[in-house]
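Input: a single structure, listed below in structure tokens.
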Amino acid sequence: MVCPRPSLLIFACGALAAACGTAGSVSGAVTGPAAAQQVPRTPVQAALAWFRAIDAKDGPQVLAAFAPGNASATSWHAWGPAAWPTFSAVRCKGGTRTPTTATVLCTFSESQAPSAGNPVGFWSVSFVRAPHGRWLIDNYGQG
């Protein structure tokens, strides 16, 4: 059995450590819809992440929270992030849930915003589970 030379072993360990450090910082820097799709979430976590994206004025993340074809439910996003409401004291709790659908009730304090009309204090958010396992918003509102 031949033992590797210490200098080669040190070099290999250093290269591996550098690659791990780079991979960690790259994955930590990934943002946007791709990052959101990598993290499996419960419906409650998905709802809270959507509110955080609205408050952060992150349009791509707001739209990525919706099931394909349902992003039009956020027609207010066309006004631009500066006109979006902000939400404080957001609390969400799970409602009904099947393997492919779920509802979440969220209460909050909504700021006055031209894109949203009169502030409200709660929304019911319905979700569908995408084939990759992520919960996506199907609809929301006070109904």
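In the list THR96, THR103, which residue meets the criterion of being without any contact (Cβ under 8 Å) to a residue 12 or more places away in the chain and in a strand (DSSP E or B)?
THR96
Collect the residues in the stretch 51-105 that are in contact with a Ser or Thr (Cβ under 6 Å, 6 or more places away or on another chain) and polar (S, T, N, Q), keeping them in residue-number order.
THR86, SER88, THR96, THR103
Each reported figure results from applying straightforward, stated rules to the coordinates on display, with no laboratory input. Here the structure is a predicted model, which means the values were calculated and not measured. Note that each Cβ is placed from the backbone with ideal geometry, even for glycine, and that neighbours are counted across all protein chains shown.
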